[in-house]
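Everything below concerns the one structure shown next.
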Amino acid sequence: MVPSSSSTLSVLLVLLLSPFIVSHALQDRFLKCLSRTSESSFPFSTVLYTPKNSSFTSVLQSSAQNLRFTLPAVPKPEFIFTPLQESHIQAVVICSKQLGIHLRVRSGGHDFEALSYVSEIESPFIVVDLAKFRSISVDIEHNSAWVQTGATNGELYYRISEKSNIHGFPAGTCSSLGMGGHISGGAYGAMLRKYGLAVDNVVDAHIIDVHGRLLDRKAMGEDLFWAIRGGAGGSFGIVTAWKVKLVPVPSAVTVFTVTKTLEQGATELLYRWQQIADHLDEDLFIRVQIQTANVSNQGKRTITTSYNAMFLGDANRLLQVMKHSFPELGLTRQDCIETNWINSTVYMSGFANNTPPEVLLQRINMDRAYFKGKSDYARKPIPEKALEGLWEKLFEAESPIVVFTPYGGMMNQISESQTPFPHRNGTKFMILYWSSWQDATENVAKHINWTRKVYSYMTPYVSKNPREAYVNYRDLDLGMNRNSKTSFVEASAFGTNYFKDNFYRLVHVKTKVDPDNFFRHEQSIPPLPQQMGLRNEVEFISSKA
């Protein structure tokens, strides 16, 4: 029997409309569940954005830092939920679990691989966007602050400076980082050599666990509190706030940027920097930003190495330190900008000198681009000959950036097992490789392949067994979970890159607090298979400790 044209058309319409019918049904069930679960009569539909909502795209892209993941072909969430209070998140967790809905959680959207708002491995999924969780309470008397995880580090710095000019916090230099993901992965900045990482200065937290319970440090226990301070986001629950310890900063802070080209001896100078950067006065942080630059209208290019620094002290003392430790740079008083701590954070964030600190309240990163990044850790200086080979790799790209970030100081004094962040004593500097572009129609593979080529080239000169990487510079090239049935063996490939042996303790905590792997993504911490049993689990973890 040959079907009629009308019946064929009906089948086609059903096929075309079925995704929208399913999506609408999912949203409807979710909203009903939220209303049942919540103790209030809050209108949840007002904080839920679907693709049919005119604001959906703007909300989705509002904090998406890597434009690669805003393109039409990239999977989009069924809806975005923007909670206003912790009880809303508790209800979301309970309902997502009941209805079998996969969720992702975004605070600042800086994830290199967009794992906080894109799922390549599961569909449908939703995004819980914490952008409205921005409360900050600074207590100068007790040298502490509570900061919600949707606030940015720039907002935290500004609120601290409103209360005091001799208090600060050692988090990142980019001022639009969401405090949820940023601290969850470690969070380094220009004061890491003096005070360590942000996670080293967290004293309490609020987290919503897989059961929808709101827990503080005492209620969650020390194992989970350990795991969330450097074990990265998206594995253990939803952190809603951190209590952080403020650190003392002097009234005078000095910054500078001195740039040297190949023609000015950049290679030899960078080799010297590698020898001393982790041994400098712990008040001094000097990172090196390496780029290409044109030196003539004929297209001749060179390499520039920019020594971008912050010193906790006045210019006179800085000049004395530099004369003793790094005279090769040739720093002069004219190079130095003496200011205060809050203005130094503006400068280190890349804004022009004398930019008002209110710019830190600007949540949008104006330098968003399409990009691919990778990271490394160096435990010994890279030879000059190898640096010359690196320059050749940079000349192959259009707008590459390589950044050397110094360690040493306080970083050498903290055990690599004190938090999940393991890159401590013996690490001279961290390396970031970055390729970015502004045109969506460009050859994406060309840029991504460049980062892979330079990463491969650097293999002999960086850490080994494992080759360490920074978890907040997510890199799916290191491996990924393929579906909800996370493989411990597959995850250990990237897990040991990010966490070294701390990965095994993270697996133990995950197995205890989220055995069914509700909180998951492409590089989340896996639970051990349930069939292993408690005894086998204890024996396994003990063997890896």
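The values are calculated or read from the model by the stated rules, or taken from the named source; none is laboratory data. Since we're looking at a predicted model, the values are computed, not measured. Positions of Cβ are backbone-derived with ideal geometry, glycine not excepted, and every protein chain shown enters the neighbour counts. With ligands, DNA and RNA removed, areas are computed over all heavy atoms of the protein, side chains included. Shrake-Rupley method; radii C 1.70, N 1.55, O 1.52, S 1.80 Å.
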### Query
Carbon and sulfur atoms: what percent of the 1.4 Å accessible area of the stretch 358-422 do they account for?
48
#### Entry: Dipole in debye (nearest 20) - the stretch 343-391, about Cα centre, beta carbon charges: Lys, Arg +1; Asp, Glu -1
260
### Task
Quick one: pull the percent of accessible area on the stretch 212-349 belonging to carbon and sulfur, 1.4 Å probe, ligands and nucleic acids left out.
44
### Message
Between the stretch 79-146 and the stretch 452-492, what is the separation of their alpha carbon centroids in Å?
### Response
25
### Task
Of all alpha-carbon pairs in the stretch 473-522, indicate the percentage at a distance above 18 angstrom.
26
### Task
Quick one: order Glu162, Glu39, Glu141 from most to least accessible surface, probe 1.4 Å.
Glu39, Glu141, Glu162
### Cysteines in the chain that, by Cβ-Cβ distance, have no pairing candidate under 4.7 Å
Cys174, Cys336
### Summary
Computed over all unlike Cα pairs, the Kirkwood hydrodynamic radius of the stretch 225-277 in Å stands at 16.3
### Summary
Projecting the Cα atoms of Leu270, Ser375, Val210 onto the charge dipole of the chain, where Lys and Arg contribute +1 and Asp and Glu -1 at Cβ, the residue farthest towards the positive end is Val210
### Summary
Over the stretch 318-421, the quotient of the Cα radius of gyration and 2.2 N^0.38 Å is 1.41
### Message
Among DSSP bridges having both ends in the stretch 99-167, what percentage is antiparallel? Round to the nearest 5.
### Response
45
### Query
Distances over 17 Å make up what percent of all Cα-Cα pairs in the stretch 239-315?
60
#### Entry: Viscosity 0.890 mPa s, 25 °C: Kirkwood-radius Stokes-Einstein D of the stretch 147-303 over Cα pairs, µm²/s
136
### Message
Show me, bin by bin at 20 Å from 0, the whole-percent P(r) of the chain based on Cα pairs.
### Response
21, 54, 22, 3, 0
### Query
Mind checking Rg over Rh on the stretch 20-148, alpha carbons, Kirkwood formula for Rh?
1.00
### Message
Could you work out what % of the accessible surface of the stretch 92-211 is carbon and sulfur, using a 1.4 angstrom probe and leaving DNA, RNA and ligands out of the count?
### Response
47
### Task
Skip the ligands, DNA and RNA, and give the accessible area per residue of the stretch 392-475 with a 1.4 Å probe, whole Å².
39
### Query
Can you give the Rg to Rh ratio of the stretch 101-144, both from alpha-carbon atoms, with Rh computed by the Kirkwood formula?
1.22
### Task
Any of Lys393/Lys464; Lys323/Lys464; Lys218/Lys428; Lys32/Lys52; Lys385/Lys500 with alpha carbons more than 25 Å apart? Name them for me.
Lys323/Lys464; Lys218/Lys428; Lys385/Lys500
### Task
Grab the eigenvalues of the alpha-carbon gyration tensor for the stretch 302-344, scale each by 5, take roots, and send me the semi-axes largest first in whole angstrom.
19, 15, 8
#### Entry: Neighbourhood net charge (13 Å Cβ-Cβ; Lys/Arg +1, Asp/Glu -1) for Ala252
-2
### Query
With every protein chain left in place, what is the accessible area of Val244 in Å² (1.4 Å probe, nearest 10)?
0
### Task
With only alpha-carbon atoms counted, please give the Rg and Dmax of the stretch 364-409, in Å.
13.8, 40
### Query
So how many Å³ per residue does the convex hull of the Cα atoms of the stretch 422-475 work out to?
97
### Query
What does the accessible area of Lys393 come to, in Å² to the nearest 10, when a probe of 1.4 Å is used?
40
### Task
Determine how large the accessible area of Tyr49 is when every protein chain is in place; take a 1.4 Å probe and give Å² rounded to the nearest 10.
40
### Summary
Going residue by residue through the stretch 192-200, the Karplus relation 6.51 cos²θ - 1.76 cosθ + 1.60 with θ = phi - 60° gives ³J(HN,Hα) values, rounded to whole Hz and with x marking Gly or Pro, of 5, 6, 8, 10, x, 8, 4, 5, 6
#### Entry: Evaluated at q = 0.10, 0.13, 0.21 Å⁻¹: base-10 log I(q)/I(0), Debye formula over Cα of the stretch 417-525
-0.36, -0.59, -1.19
### Query
Per residue, how much accessible area does the stretch 278-363 show when a 1.4 Å probe rolls over the protein heavy atoms, in square angstrom?
47
### Message
If amide hydrogens are placed 1.01 Å from N in the peptide plane, which non-local residues have theirs closer than 5 Å to the one on Gly212?
### Response
none
### Message
Quick query: amide H of Thr240 versus all other amide H atoms, modeled in the peptide plane; which residues come in under 5 Å with a sequence gap of 5 or more or a different chain?
### Response
His206, Ile207, Ile208
### Query
How large is Rg/Rh for the stretch 115-198, to two decimals, with Cα atoms and a Kirkwood Rh?
1.06
#### Entry: Å² per residue, accessible surface of the stretch 136-210 at 1.4 Å
25
### Query
On the first, second and third principal axes, largest extent first, how far apart are the outermost C-alpha atoms of the stretch 236-366 in Å?
51, 37, 36
